[in-house]
1. Placing +1 at every Lys and Arg Cβ and -1 at every Asp and Glu Cβ, with all other atoms neutral, what dipole size does the chain have around its Cα centre, in debye to the nearest 20?
2. If you take the charge dipole of the stretch 212-298 about its Cα centre, with +1 on Lys and Arg Cβ and -1 on Asp and Glu Cβ, which of Val277, Ile263, Val218 is farthest toward its positive end?
3. Would you be so kind as to identify which of Ser170, Asn187, Val205 lies farthest towards the positive end of the dipole of the stretch 163-213, taking Lys and Arg as +1 and Asp and Glu as -1 on Cβ and the Cα centre as origin?
4. For Asn193 and Gln122 in the same chain, what is the full-extension length gain: residue separation times 0.36 nm, less their Cα-Cα distance, in nm?
5. Below 8 Å between Cα atoms, with a sequence gap of 6+, how large is the relative contact order for the stretch 51-123 in percent?
6. Counting heavy atoms of the protein chains only and a 1.4 Å probe, report the per residue accessible area for the stretch 144-219 as a whole number of Å².
7. Could you go through the stretch 225-231 in sequence order and give the Karplus-derived ³J(HN,Hα) for each residue, using 6.51 cos²θ - 1.76 cosθ + 1.60 with θ = phi - 60°, rounded to whole Hz, and x for Gly and Pro?
8. So if I take the alpha carbon set of the stretch 46-111, get Rg, then get Rh from the Kirkwood formula, what is the Rg over Rh ratio?
Amino acid sequence: MIELKKVICVLLILVMFFVVAGCVQPDDTGEDEQGIVEEQNELASQREFTASQVNSAVELIEEEGGQAFPQFREKNSQWFHDDFYIFVWRTDGIRVVYPPDVSREGQDVSNHEDFNGKPTGQLFIDIALSEEGEGWIDYYWPKPDEAEPSNKYTFIKAASFDNQTYLVGSGFYIDDYIYTRTLEDLNYTRYGNISVGYLLHPAKVERDLDVDYSFTHVMIDAGESIELHRMNNSEVYYVLEGEGVLYIEDVPFELSKGKLVHIPANSKQYTQSTGDVDLELLVIDQPAWAKENEQILE
């Protein structure tokens with residue numbers, strides 16, 4: 001069920017994008033289109049930078065052999081700065097260069113797995129020994145000083161000297177450039193009979209996402225209801241689970257799993273959860289939900 005919800009979340013985000021895109025038309029100068037390109041380029045630039053650095057490291061190794069390795073360990077250098085570093089393994093799985101913790105050099109890491117059991121150690125080796133001799137791999141690995149894993153994207157390339165093949169790599173965490181969340185990430189707030197968790201709200205994200213809508217997971221207790229109110233902005237409800245009735249200007253709309261309803265701005269509305277389980281909704285507010293946009297009605 002959780003996996004289904006994740007898929008639905010992705011689909012709804014796409015729906016939301018097109019809804020918002022339909023409301024904002026680019027001007028004749030093409031500035032909106034250029035803005036989209038610039039947002040994409042931050043991720044694209046990091047991908048290009050990572051591959052370029054690995055390629056340069058391979059060239060250095062093939063020119064200087066093992067004399068290149070100490071250079072990769074130098075802090076605040078081209079090869080090791082901030083969270084970026086180059087690592088080197090032999091293709092038998094022995095770690096040769098690992099700048100974040102040199103005490104772990106010399107270990108056999110061929111059997112390493114990521115958080116989900118993906119055999120990253122063997123996959124790194126397979127990429128280096130493949131016909132192409134290079135490739136990208138994504139996996140889940142904790143960021144420095146964090147316990148929970150994040151999605152990492154790593155470029156691997158083979159290097160050779162003295163009849164020995166090595167693999168050279170570096171990676172970055174995707175969510176440093178693309179905002180992602182799952183239902184499991186949410187902290188919920190109780191408001192009477194309902195629980196509210198924000199998948200996306202521009203005021204609650206520590207980065208500029210250049211969006212003005214919110215995307216919320218709402219759960220209404222079985223047999224309970226959301227009080228009569230009016231929103232200055234339009235909303236979209238999508239039902240994940242349960243049954244209910246949404247009243248818009250006293251006109252009833254049956255709610256069941258998989259149904260989407262658009263609520264026009266300034267509409268009088270309330271929702272009843274009528275099933276045996278909680279009514280679960282994904283709610284889009286555009287602009288983002290704000291207390292001053294809501295009026296509680298008697």
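1. Details: 21 positive and 56 negative charges, 122 e Å.
The dipole of the chain has a size of about 580 debye.
2. So the residue furthest toward the plus end is Ile263.
3. Asn187
4. Working: separation 71, 0.36 × 71 = 25.56 nm, distance 5.03 nm.
Here the segment from Asn193 to Gln122 would lengthen by 20.5 nm.
5. Values: 86 pairs, mean separation 12.5, N = 73.
The value is 17 percent.
6. On the way: 4060 Å² over 76 residues.
With the other protein chains kept in place, the stretch 144-219 gives 53 Å² per residue.
7. Residue by residue, the stretch 225-231 yields 8, 8, 5, 4, 7, 9, 9 Hz.
8. Details: Rg = 11.7 Å, Rh = 12.3 Å.
My calculation puts Rg/Rh at 0.95.
The values are calculated or read from the model by the stated rules, or taken from the named source; none is laboratory data. Just so it is clear, the structure is predicted and the values come from calculations on it, not from any experiment. All Cβ positions, glycine included, derive from the backbone under ideal geometry; neighbour counts span all protein chains shown. Ligands, DNA and RNA are excluded from the accessible area calculation, which covers all protein heavy atoms including side chains. Shrake-Rupley method; radii C 1.70, N 1.55, O 1.52, S 1.80 Å.
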